[in-house]
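A short write-up of the structure that comes next.
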Amino acid sequence: MTDLFQEPEDATPLEPHEREGLLQTWITHRRDLNEAEQENIVEGAAWARRRASLKRMLSEDFMQTLHKRMFGDVWERAGTFRTTERNIGVEAYRIGVELASLLSDIRYWIEHETFPPDEIAIRFHHRMVAVHPFPNGNGRHARLTADLLIERLGGERFSWGGGSLADVGELRARYVTALRAADNHDIAPLLEFART
């Protein structure tokens, strides 16, 4: 039997105390966890598409509520900021400040058309991943928020490579490589990946 919480090498590992709070007792394998989370994410995305105006979406409250809607049927801690340090992301005590700064930047970029809409949404995604506000689900949350933002800006959802990024493999490796390029101020690979 494999460890339920075994993550791909480049994923953010959960701390032992964060493994507690799993709400579904039928989950015994990683594939069960992935299935439960995916069902919950679909429900969260539908909720967001019905409710999120651009102004509301660009708030800390919405970011937390969306995470709760995406993972709240699976994890007790859904929608709460992490309190521990990670292999990625800002220090836990800086999450609120960094998220507020990001949301302010996005509002400014939209108002002043600083970048084309696709680039605003992808920069939003990249910075959400960089802040890494939640114990788990940050990449999926950041991809959904980028999709919601580009839709509100009149564009089409991103394809994110056209497959599942939950699985270890070539597609996930390309995504992580594109994120690392963006970390080094080269957003082009992430823009390309998001639209392939």
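The values are calculated or read from the model by the stated rules, or taken from the named source; none is laboratory data. Please read these numbers as outputs of a predicted model, since none were measured by experiment. Here Cβ is always computed from backbone atoms with ideal geometry, including for glycine, and neighbour counts include all displayed protein chains.
A few points about this structure:
- The residue list ARG157, ARG172, ARG140 contains one member that is basic (Lys, Arg), assigned to a helix (DSSP H, G or I) and within 23 Å of ILE106 (Cβ to Cβ), which is ARG140.
- Qualifying position, being surrounded by fewer than 16 Cβ atoms within 10 Å (Cβ to Cβ) and touching a helix residue (DSSP H, G or I) at 6+ places or on another chain (Cβ under 6 Å), among GLY137, GLY154, GLY163, GLY169: GLY163
- Test: residue in segment 127-134 that is surrounded by 21 or more Cβ atoms within 10 Å (Cβ to Cβ), at positive phi and either of a type outside the set (Phe, Trp, Tyr) or free of Cβ contacts under 8 Å to residues at least 12 places away in the same chain (or both): yes
- Taking first residues from segment 100-116 that are in contact (Cβ under 8 Å) with a residue 24 or more places away in the chain and partners that are assigned to a helix (DSSP H, G or I) and not polar (S, T, N, Q), the Cβ contacts under 6 Å between residues at least 6 apart in sequence or on separate chains come to LEU102/ARG127; ILE106/PHE124.
- Among residues of segment 94-137, those that are assigned to a helix (DSSP H, G or I), over 14 Å from the mean Cα position of the chain (by Cα) and not hydrophobic (A, V, I, L, M, F, W, C), counted: 13
- Check on PHE193, surrounded by 20 or more Cβ atoms within 10 Å (Cβ to Cβ) and either at positive phi or part of a helix (DSSP H, G or I) (or both): yes
- Residue within segment 153-168 that is of a type outside the set (Gly, Ala, Ser), touching a Ser or Thr at 6+ places or on another chain (Cβ under 8 Å) and within 24 Å of GLU60 (Cβ to Cβ) present: no
- Annotation: of all residues in segment 91-108 being crowded, with 17+ Cβ neighbours inside 10 Å and not charged (D, E, K, R), the one that is farthest from GLU37 (Cα to Cα) is ILE106.
- Residue selected from segment 34-71 under the condition without any contact (Cβ under 8 Å) to a residue 24 or more places away in the chain, in contact with a helix residue (DSSP H, G or I) (Cβ under 8 Å, 6 or more places away or on another chain) and not basic (Lys, Arg), by the criterion farthest from ILE95 (Cα to Cα): TRP47
- The set of residues in segment 79-93 that are among the hydrophobic types (A, V, I, L, M, F, W, C) and either free of Cβ contacts under 8 Å to residues at least 24 places away in the same chain or not in a loop (DSSP other than H, G, I, E, B) (or both) contains only ALA92.
- Considering only residues in segment 30-52 that are modelled with pLDDT of 95 or more and either small (Gly, Ala, Ser) or in contact with a Phe, Trp or Tyr (Cβ under 7 Å, 6 or more places away or on another chain) (or both), the one that is surrounded by the most Cβ atoms within 10 Å (Cβ to Cβ) turns out to be GLY44.
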